[in-house]
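Everything on this sheet refers to the single structure shown next.
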Amino acid sequence: MRPTPRIVFSSLLVAFSINVAAQQADLAGSGMRDRTPQYVPNQLLVRYRPSTAQMSSSQSRATAAGKVMGSFTTLPGLQLVQLAPGVDFNSALGSYRSDPSVLYAEPNYIRKALDGPPNDPYFHDLWNMHNTGQPILFPYPFFQGPTSGKPGADIHALEAWSITTGSSDLVIGLIDTGLDINHEDLSANVYRNEADCNNNGIDDDGNGYVDDCNGINTLDNNSDLTDIVHHGTHVAGILGAAGNNGRGVAGVNWKAKILTCKFLGLNGGTDAGAIGCFNYMAMMRDRGVNIIATSNSWGGYGYSQALYDAIDGVRKRGILVIAAAGNSNSDNDGIYPLYPATFALDNIIAVAANDFTDTQSYYSSFGAHSVSISAPGDEILSTTPDNTYSVFSGTSMATPHVTGVAALLKAQDPTRDWKAIRNLILAGGDKLSTVAASVTQSRLNALNSLTCQGRTVSAPLKPQSANVLASSGQPVDIALLNISCASPAGPVALAVTPTGQQVSLHDDGTAPDQDPGDGIFSGQFTPNQAGVYTVAFPGGQQIQVAADPYAFASTPFQYRSFTGTSLKLTDESLAFVQSPFPISFAGGAYEGVLVSDNGWLSLDSYAPSAPLALPYAYANTLIAPYWDNLVPTATGNVFWTVNGTAPNRELVIEWRNMAHAGCKTDGTETVSFEVLFFENTTDLLFNYAQTAFGGSCTASDNGATAGVGVQATAKVAQQLSFKSPSLTSNSAVTWKSTLLTNLVPSITAVSPKSWVTDISDIYVELTGKQFNYTAIGLVNGAPVPTFVFSSTDLILEVPASNLITAGTTLQMSVFNGAPGGGPAQPITFPINTPDFALSASASTGTVKIGQSTTATIYAYPNPAFQAGITLSCSGLPASVTCSFDPGRILAGGFAMMTFTAKAASSSSMALPLSASLATVVPIVGLLLVALPRPVRRLHKHMTLGLLLLLFTLFLGCGGGGSSPTLSGSSGSPVTGGTGGTTNTPTAATGNFSVTITGISGSIQHTVKLNLTVTQ
């Protein structure tokens, strides 16, 4: 079984970093530093001489393939000319200037305020708007990577703003976690429904919502837009923070109004909340609010027809839906698409994320047929509540860039509809192989979209997979995006082999086409019989269609009688049977089957107890040898076994002595049948030992109330019979497949590279090539739960039973199902004992005598190592010591190691006579003063005697000599006077090989460091 999709929505945010202080000093205002003239690429201002009869016939324009974009009434003869793609700018400029009919020709220069770009203080940190290669605020906090941007890897917002910065007549719908409507950089652009801005608890405008001054909250069913998650406010800043206002940041669109619907909280949101938001936007549009697009930085798994219908409703009202592609680094064309981004609706633009070097963000989802375009999503600085600014990452951040550009395009030309805006966004992108796979394979470029000329896109949209299963006589929907800038690029005909027929695609709004004139051309291919067909697109892409993937035929009866293992099912229950070999079915591979007491099984889905006609739309795969309302009995249940040896094993599932729920269940009226799966083949076998209940249950005999058949997808199935007595005892039916041949996968890397003895399951990532979306991982040849993210990346779950014994080596592989396919060449995966490694921050060090130096010692454990490590060092001279802080570190920790070179010391400390007297005389004086007066008189001779004694002791200690050498705080020696001789040993200097040892129980490791001791 593959994991059940989650249906709770969440915001598509990857990382949150610390706030940037709102009081940061203004970074702008120093004037234009770059004096190189800047101009709009591929645009010229050309003025013709008054005597020119027909400016449109200019030879220079024909040479440059120029198109007139505008003219100026007060300046006769002046035109704005857009050059065709591929035309060299300087050559075209020279051609116009040499034309006798041209008065002058010049670039369309960009003019700036004298204080440079917008005066928003943090503008220079907005690499997403204008990437100059500037340092990134918080580059890859958890991953190694670049720390500065790549010039030009941005949406070219600065250049686009020379054309338009937006319009306050336009409204953008923000469907998110709410909005800080009082933020200093957003408040000017918050939409106000003035009739309901009095907070009186009354629906003053009669639109069905109370006090919806700035929007509504479907999460709490009120109008409170407080953004406790911070996500919606951040998204709003990207798409529409006020620009050039001397505060914070600048959004893509400086003026558009933001109408908010909050449906997400700390724990996400629901379909009902999201549908409520779309319903609100549709209603407000019907009431005259000029909503052009909604920004949707959220998503979840699980198809919802209701959510689809809600978004289709805003499509019919001319509203674009810009949606995040997801943060799972997975292919939305695969078996786990993210919604709403992947809905097949023409008004949806699905957005992937790229980083500041024009590379796909490590987390971003993608899809050659389902994701539209990429936009900046990494380390994006924007607004957060309470007048703060923060850096977030995610496809959540990429999405509002596209929404903002949509509003710029509408502001530039208010007559544009959603179709033209969508097409200009898609056609204007910069083609880049490094960004996420998408329909356009490009990164958003606002300038190109605003100045689009001759830019084309031709890419398949439907079906989303290049390999399709179908039923003969049933149509397969096909759609192709075929545009030139804002406009459709003409009808398309597709060739089909081996039949030679043509499939015509049209953009006329007739089903299956959704909207006329939107540049998406639609049609259908209907296979007329079983077989494999190839449909070729003009750009060289193609799809393969396998019609009637399973067909049935009678075969000799050979029942497998066995004792086996009982699943011990009760009425209306299920059990999972783990197969020892990969099960190949409908082109995929599976680790086991889900078995129901009601006579059906599935590789990945569920079904009700009562049989339904196939295909059953809410199941993907379904195998039904005798789908009826069956009940286990005292003498019967469902059993399983495995026969044979690899590579020719068979998995047998038997429903033995099963009764019907509507009849006797005492074991006297039963049926028995079984299903067989075969290793390395897609064939199935239904064996029927007893098909008639008899007695009181004859009305259900021989499948009269059952469904029998095989379903390969939610839309493709072969029904042998449905509530018809077509079965007979002691008979068998074989199912043979007509499927596309799979490729053999290959593995290039495994992460982690090894593990240790463990008592829990672990997850291992395999990367390689040609992984099917229904591929399965193998550990020592046995299938294990597998999560396929793309054709090059999957994660498999390694059971703890494989991790018990240290010193073993697991064989890991990937298996593509039959036909073709098979296992990849295995990659080894050692199971080690708990262990650690040591390293030092430097391999060499130097310390001066009288000083200290430090280094850091790191302990790198393997995953199971949890003990502490005691550190020591050896190989030092006697005058140098080492210490560790702490002396015992935990796994994964580090310690600061300090080397201290002791100063040389004297073996005796001799003072010169002057110093000795200076020391002794005060002592004697102290004695004289301290003694009582009578004693001083009576014992004067004792005092003199004491003085002589002290002097004698002084001489006996080697009187004379130089003072000791002392080390000051800087390490410079402090010396006293001279005199006499000194017995001073010399501190060791030179190079020493120091061994640092880490010990934990019986495990011991070392690291070497070369230490140089100098004077």
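Structure summary
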read-out: Residue list for segment 623-653, filter: open to solvent by 10 Å² or more (accessible area, probe 1.4 Å) and in contact with a Gly (Cβ under 8 Å, 6 or more places away or on another chain); value: ASN629, THR633, ALA634, THR635, PHE639, TRP640, THR641, ALA646, GLU650
read-out: Unique match (being assigned to a strand (DSSP E or B), in contact with a strand residue (DSSP E or B) (Cβ under 9 Å, 6 or more places away or on another chain) and under 17 Å from ALA717 (Cα atoms)) among TYR616, TYR626; value: TYR626
read-out: Which listed residue is outside any strand (DSSP E or B) and modelled with pLDDT under 95, from ILE804, ILE831; value: ILE804
read-out: Filtered residues of segment 601-610 (kept if touching a residue at least 60 places away in the same chain (Cβ under 8 Å) and open to solvent by less than 10 Å² (accessible area, probe 1.4 Å)); value: LEU601, LEU603
read-out: Subset of segment 545-564 [of a type outside the set (Gly, Ala, Ser) and either open to solvent by 60 Å² or more (accessible area, probe 1.4 Å) or not in a strand (DSSP E or B) (or both)]; value: ASP548, PRO549, PHE552, THR555, PRO556, PHE557, GLN558, TYR559, ARG560, PHE562, THR563
read-out: Selected residue (criterion: modelled with the lowest pLDDT) from residues of segment 983-1012 that are surrounded by 16 or more Cβ atoms within 10 Å (Cβ to Cβ) and more than 51 Å from the chain's Cα centre (by Cα); value: ALA987
read-out: Subset of segment 259-282 [surrounded by fewer than 21 Cβ atoms within 10 Å (Cβ to Cβ) and under 25 Å from SER187 (Cβ atoms)]; value: GLY265, LEU266
read-out: Pair list, Cβ < 7 Å and 6+ apart or interchain, from segment 177-194 residues that are buried (at least 24 other Cβ atoms within 10 Å of the Cβ) to residues that are assigned to a loop (DSSP other than H, G, I, E, B) and of a type in the set (Ser, Thr, Tyr); value: GLY178/THR226
read-out: Enumeration of residues in segment 314-331 that are among the aliphatic types (A, V, I, L, M) and either under 14 Å from GLY394 (Cβ atoms) or under 18 Å from the mean Cα position of the chain (by Cα) (or both); value: ILE322, ALA323, ALA324, ALA325
read-out: Pairs where the first residue, in segment 261-277, is among the hydroxyl-bearing types (Ser, Thr, Tyr) and the second is surrounded by fewer than 21 Cβ atoms within 10 Å (Cβ to Cβ), C-beta under 7 Å, 6+ apart; value: THR270/VAL8
read-out: Residues that are more than 20 Å from MET281 (Cβ to Cβ), part of a strand (DSSP E or B), in contact with a strand residue (DSSP E or B) (Cβ under 6 Å, 6 or more places away or on another chain) and not charged (D, E, K, R), drawn from segment 319-356; value: ALA352, ASN354
read-out: Options ASN648, ASN680; residue that is at pLDDT 95 or above, within 45 Å of the chain's Cα centre (by Cα) and part of a loop (DSSP other than H, G, I, E, B); value: ASN648
read-out: Residue in segment 557-565 that is more than 20 Å from ALA489 (Cα to Cα), among the charged types (D, E, K, R) and in contact with a strand residue (DSSP E or B) (Cβ under 9 Å, 6 or more places away or on another chain) present; value: yes
read-out: Any hit, segment 901-917, residues being surrounded by 15 or more Cβ atoms within 10 Å (Cβ to Cβ) and modelled with pLDDT of 90 or more; value: yes
read-out: Verdict on ALA188 being under 30 Å from GLU379 (Cβ atoms), more than 32 Å from the chain's Cα centre (by Cα) and not in a loop (DSSP other than H, G, I, E, B); value: yes
read-out: One residue from PHE392, PHE356 being of a type in the set (Phe, Trp, Tyr) and in contact with a helix residue (DSSP H, G or I) (Cβ under 6 Å, 6 or more places away or on another chain); value: PHE392
read-out: Exclusive hit being open to solvent by less than 30 Å² (accessible area, probe 1.4 Å) and either touching a Ser or Thr at 6+ places or on another chain (Cβ under 7 Å) or under 30 Å from PRO783 (Cβ atoms) (or both), set ALA859, ALA867, ALA824; value: ALA824
read-out: Selection within segment 788-823 - closer than 23 Å to ALA368 by Cβ and out of contact with any Asp or Glu (no Cβ under 8 Å at 6 or more places or on another chain); value: VAL788, THR792, VAL814, ASN816, GLY817, GLY820, GLY821
read-out: Listing of strands (runs of 3 or more DSSP E) fully contained in segment 375-490 that carry 3 or more residues being farther than 30 Å from ALA717 by Cβ, among the polar types (S, T, N, Q) and open to solvent by less than 10 Å² (accessible area, probe 1.4 Å); value: 380-384
read-out: Any pair with Cβ under 8 angstrom, 6 or more apart, that starts in segment 860-880 at a residue that is among the hydroxyl-bearing types (Ser, Thr, Tyr) and ends at one that is part of a loop (DSSP other than H, G, I, E, B); value: TYR860/GLY892; THR870/GLY887; SER879/ILE849; SER879/LYS902; SER879/ALA904; SER879/ALA987; SER879/ALA988
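For (1) touching a Leu at 6+ places or on another chain (Cβ under 9 Å); (2) modelled with pLDDT under 95, each residue gets a yes or a no:
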site: GLY269; (1), (2): yes, yes
site: ILE275; (1), (2): yes, yes
site: ASN279; (1), (2): no, yes
site: MET284; (1), (2): yes, no
site: VAL289; (1), (2): yes, no
site: ILE292; (1), (2): yes, no
site: GLY299; (1), (2): yes, yes
site: ASP312; (1), (2): yes, yes
site: ASN327; (1), (2): yes, yes
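Here's the yes/no breakdown for (1) under 30 Å from LYS753 (Cβ atoms); (2) of a type in the set (Phe, Trp, Tyr):
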position	(1), (2)
ALA818	no, no
PRO830	yes, no
GLY845	no, no
SER879	no, no
ARG888	yes, no
ALA895	yes, no
PHE899	no, yes
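The values are calculated or read from the model by the stated rules, or taken from the named source; none is laboratory data. For clarity, every value in this text was computed on a predicted model and none was experimentally measured. As a convention, Cβ positions derive from the backbone with ideal geometry for all residues, glycine included, and neighbour counts pool all protein chains shown. Protein only, heavy atoms only, side chains kept; ligands, DNA and RNA dropped before computing areas. Shrake-Rupley method; radii C 1.70, N 1.55, O 1.52, S 1.80 Å.
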